[in-house]
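Working notes, structure below.
The values are calculated or read from the model by the stated rules, or taken from the named source; none is laboratory data. Not measured: the values here are computed from a predicted model. Cβ placement follows ideal geometry from the backbone for every residue including glycine, while neighbour counts extend to all protein chains displayed. In case anyone asks, the SASA skips ligands and DNA or RNA and just uses the protein heavy atoms, side chains included. Shrake-Rupley method; radii C 1.70, N 1.55, O 1.52, S 1.80 Å.
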Amino acid sequence: MTASLAAFGLLGSLATACGSAGGEGTTLRLVVPEYGDRPATSSKAYWDKLTAAFTAAHPGKTVEVTLYPWADIDREVTRMVKEDDAPDVALMGAYSDFAAQDRLYSADEVLSVRSEANFLPPLREAGSVDFTLYGLPFVASSRLLFYNKELFDKAGAEPPKTWSDLKNSAEALKREGVRFPYALPLGPEEAHAEALIWELSNGGGYTDNTGGYSIASAQNTQTFRWIRDNLVEPKLTGPVPPGRLDRQDAFDAFLRGDVGMVNGYPSLLHEARAKGMRVGTLTMPVSDALSGGEAPPSVGVADWMMAFKHDGNRELVGSFLDFVYEDKNLNEFAGRYHLLPSTVSATQSSRDAATDPGAEQFLTALRTARLYPVDDPSWLRASDAIKRNIGKAVAPSADPKAVLEGIADQVRDAAQQR
């Protein structure tokens, strides 16, 4: 979820793959992303502590940990799989491509009954292919609209409930001289999240009721046309074109006090409060066409553990994963990075959920959230096409329908190449 500036603790040799010599394995290879942005916040400290505790409880077993930056881990694990050198366990942003290759254990093959049944329902659903769980959700987040209360007070703006309200608030903020009345990060870092937030708020999304891609639907076309006409052309999204504004840049500007509204997740709320900012959070305002009906779901995002099949590694992998998903271990990681735990029991025991109303709001949103279609093996390529192109749909001279149809063609090609 958080891109790292560097990889820490990379291992030089991965030759001792669990089960590589036959028989019951004693060494587990774990590949994980770096969630920290500097050595002091590196994930290495967490995994060192966890694996030391695991090996102390399982004499004779060892765990080799390799960390990669988020920008690299999908590519690196894919490379390992292609070279027939897959790790035993990996944590990354997608899993279904490997499930489609029959490379992964299903959850019921490696987890205890309690662990398997403990995942939050929306995450379990997203981690399943044909009702079989392969992607084990690790940590998650949901997205809410953040607004700077101080800037809103100065502008006399009201927290928005509808798109029209959002436009009115952005206009008031602009009159007050706010640099980014509404920050719209449709740059390639995470454009697929911002786009989905807007699509869902108008009854659209990436897929239809049958699970097929519907990127160029009438609702989505209407959504991006509204954004173009009502936010981008009136210059309510700031001086940087949305297609060139990345999420982290938008977050940094928010923390500087230059942004009136931006969609964010729990760690941004923590950072803002640490700076003494007065921040409000809301569910995403809905289109005026939906303003009288049922509220659409928020966007949820999860990172996925997966267990690769190797001769002789199943028992060790299962013991390790059950240990990882113990409440104290999962909550320690989630708390370290101000994310949400993926299981029912860890959520219930999380101190943040009990004492932080902001965290509880994110958890509430996650319970009914819509996640990316990560169960589709073509999602990695589809999301890449969205990230690289969706910002073009709101450019002042753009034809949103043509842009969305172009993305849909790329996604269709990606699906057919499988």
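Rolled with a 1.4 Å probe across the full set of protein chains, the surface gives E150 an accessible area near 100 Å². Taking 0.36 nm per residue of separation and subtracting the Cα-Cα distance, full extension of the segment from A295 to E158 would add 47.4 nm.
For the range 145-193, the relative contact order comes to 26 percent (Cα pairs under 8 Å, sequence separation of at least 6). Each Cα pair under 8 Å and six or more residues apart adds its separation to the average, and for the chain the resulting relative contact order is 25 percent.
Backbone amide hydrogens, once placed in the peptide plane, bring L28 within less than 5 Å of T62, V63, E64, excluding anything fewer than 5 places away on its chain.
Using a ≥ b ≥ c from the Cα gyration tensor of the range 131-256 (square roots of the eigenvalues), is it rounded, prolate or oblate, where a/c under 1.5 gives rounded and otherwise the larger of a/b and b/c decides, a/b for prolate? Since a/c reaches 1.5 and a/b is larger than b/c, the shape of the range 131-256 is classed as prolate. Can you tell me the FRET efficiency between S106 and L282 if r is taken as the Cβ-Cβ distance and R0 is 51 Å, rounded to the nearest 0.05? E(calc), rounded to 0.05, equals 0.85.
Per residue, the average separation of C-alpha pairs within less than 8 Å and at least 6 apart gives the range 279-418 a relative contact order of 22 percent.
Taking 29 Å as the straight-line reach from the Cα of K49, the lysines in range (excluding those fewer than 8 positions away in the same chain) are K61, K309, K328. Taking a ≥ b ≥ c as the square roots of the eigenvalues of the alpha carbon gyration tensor, the range 227-289 is oblate, as a/c is not under 1.5 and a/b does not beat b/c. Whole-Hz Karplus values for the range 100-108 come out as 5, 8, 6, 8, 10, 6, 6, 4, 6 Hz, taken residue by residue from phi with 6.51 cos²θ - 1.76 cosθ + 1.60 and θ = phi - 60°; glycine and proline positions read x. In terms of packing, defined here as the mean over residues of other Cβ atoms within 10 angstrom, the peptides 81-93, 202-214 line up highest first as 81-93, 202-214. Counting only protein heavy atoms and a probe of 1.4 Å, the accessible surface of the chain is 48% carbon and sulfur. Restricting everything to alpha-carbon atoms, can you work out Rg to Rh for the range 183-283 with a Kirkwood hydrodynamic radius? Computed over Cα atoms, the ratio is 1.00.
On full extension, the segment bounded by A218 and E176 gains 11.6 nm, given 0.36 nm per residue less the C-alpha separation. Remark: the N168-A53 segment gains 36.0 nm on full extension, using 0.36 nm per residue and subtracting the alpha carbon distance. For V139, the residues whose modelled amide H falls within less than 5 Å of its own, excluding neighbours fewer than 5 places apart on the same chain, are D303.
Per-residue Karplus couplings for the range 166-176, computed as 6.51 cos²θ - 1.76 cosθ + 1.60 with θ equal to phi - 60°, are listed in order as 4, 4, 4, 5, 5, 5, 5, 5, 5, 4, 7 Hz, Gly and Pro entered as x.
Estimated from the Cβ-Cβ distance and a Förster radius of 45 angstrom, the FRET efficiency linking R244 and Q348 is about 0.60. Judged by the gyration tensor of its Cα atoms, with axes a ≥ b ≥ c, the range 56-180 is prolate; a/c meets the 1.5 cut and a/b is the larger of a/b and b/c.
How much FRET efficiency would the formula 1/(1 + (r/R0)^6) give for D311 and D37, where r is the Cβ-Cβ distance and R0 is 56 Å, rounded to 0.05? Computed FRET efficiency for D311 and D37 comes out at 0.90. Between A402 and D384, the distance separating the two model label sites (each 7 Å from Cα on the Cα→Cβ line) works out to 2.6 nm. Looking at the chain, the accessible area is 41 square angstrom per residue; that uses a 1.4 Å probe and ignores ligands, DNA and RNA. Among 284-296, 304-316, sorting by the average number of other beta carbon atoms lying within 10 angstrom of each residue, highest first, gives 304-316, 284-296. Scanning residues 5 or more positions from L104 or on other chains, those with amide H under 5 Å from its amide H are K309, with H placed 1.01 Å from N in the peptide plane. In the chain, the DSSP beta bridges split such that about 60 percent are antiparallel, to the nearest 5. For the range 261-339, the percent of C-alpha pairs falling in each 10 Å distance bin, counted from 0 to the bin holding the largest distance, reads 13, 28, 26, 20, 11, 2.
Two decimals, Cα atoms only, Kirkwood Rh: what is Rg/Rh over the chain? Across the chain, the Cα-based Rg/Rh ratio is 0.98.
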